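The values are calculated or read from the model by the stated rules, or taken from the named source; none is laboratory data. Treat the numbers as computed from the prediction; the structure is a model and nothing was measured. When we count neighbours, we look across all protein chains shown, and the Cβ atoms used for this are built from the backbone with ideal geometry, even at glycine.
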């Protein structure tokens, strides 16, 4: 495990907040993800990796050595989802280092705070009384992109999205108090340590906590109130370009499942995720600060070299994996017109 002490002495008025992700082979995107979220004011960023083959674990080691984040390595026990095993490492670290809140999201998810100046205190002022904040997804689609160029920006490329969350269908990711739960998985904390955890949406509106008694809960009731939040959303870039979507068949998912038919063009998940109805560029208000932070990180020659090696790995791997035969096998039917 590579790690470094948190450089921030203070947190938000409601406590210190850490951003956590479990990743595998995300070297194409991890610098942008880190740079963007650092602009929001998180007190720490922790990333757990397992069995990386693209070199992103080495890149994260270098960033950890420079103080940009905490990097945990893991080899999940057989049958244990990587995200669950990763959170089993992160929660003790968070408690030992005085982290009060954790937001656990994936590398294709970006927190978009719409309140105030778009930074963390503007969100926390609404939810400081809660134990869980259920932040709804907003799906961002491919915007007609077929092939990815390493080094391009996710946030600037994919600006087409669904119009907004839909009650009963939209899922959430949770920010939660570390002292209130014993465990956590991909969408929600588990095993409450207090009698009646308070769950709210990002606006501070109360939601029921019954979902916390179920593994893998990703929706909270009342559904309409959970989906109506205006203060924040999780921009979910689950598709990106067609080739990136298909390459997920090579990587697998964070719950340790084989891709099977999920990452096929024309699959049910593809149709749910590839949403391009409206243009939404609200997250780009942080792009100038994100770009400056990216430049600062890449000014380290080792970081620049290690990122380029991740890019080169992707190009080579894509040539080997995405053959005409595999593309045909991973396309269920002709995808419907969904152009921006």
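The condition of being surrounded by 22 or more Cβ atoms within 10 Å (Cβ to Cβ) and more than 28 Å from residue 32 (Cα to Cα) holds for only one of 176, 181, that being 181. Of the residues 243, 186, the single one that is buried (at least 20 other Cβ atoms within 10 Å of the Cβ), touching a helix residue (DSSP H, G or I) at 6+ places or on another chain (Cβ under 9 Å), in contact (Cβ under 8 Å) with a residue 24 or more places away in the chain and under 30 Å from residue 27 (Cβ atoms) is 186. Taking the condition touching a residue at least 60 places away in the same chain (Cβ under 8 Å), in a loop (DSSP other than H, G, I, E, B) and under 19 Å from the mean Cα position of the chain (by Cα), does residue 147 pass? So residue 147 does not fit the description; no. Only one of the listed residues (207, 212) is crowded, with 21+ Cβ neighbours inside 10 Å and more than 30 Å from residue 279 (Cα to Cα). That residue is 212. Here residue 114 meets the list (1) at pLDDT 95 or above; (2) farther than 30 Å from residue 275 by Cα almost entirely, failing just condition (2).
Scan the range 298-314 and give yes if some residue there is closer than 21 Å to residue 138 by Cβ and either surrounded by 14 or more Cβ atoms within 10 Å (Cβ to Cβ) or touching a helix residue (DSSP H, G or I) at 6+ places or on another chain (Cβ under 9 Å) (or both), otherwise no. The answer is no; no qualifying residue exists. Reported count of residues in the range 55-81, each being buried (at least 22 other Cβ atoms within 10 Å of the Cβ) and part of a loop (DSSP other than H, G, I, E, B), is 2.
Do the conditions hold for residue 124, that is, is it under 15 Å from the mean Cα position of the chain (by Cα), assigned to a helix (DSSP H, G or I) and touching a residue at least 12 places away in the same chain (Cβ under 8 Å)? No. For the range 246-263, the candidate set comprises residues that are part of a loop (DSSP other than H, G, I, E, B) and crowded, with 20+ Cβ neighbours inside 10 Å; within that set, the residue that is modelled with the lowest pLDDT is 254. Residues in the range 264-286 that are surrounded by 19 or more Cβ atoms within 10 Å (Cβ to Cβ), modelled with pLDDT of 95 or more and out of contact with any strand residue (DSSP E or B) (no Cβ under 7 Å at 6 or more places or on another chain): 270, 274, 286.
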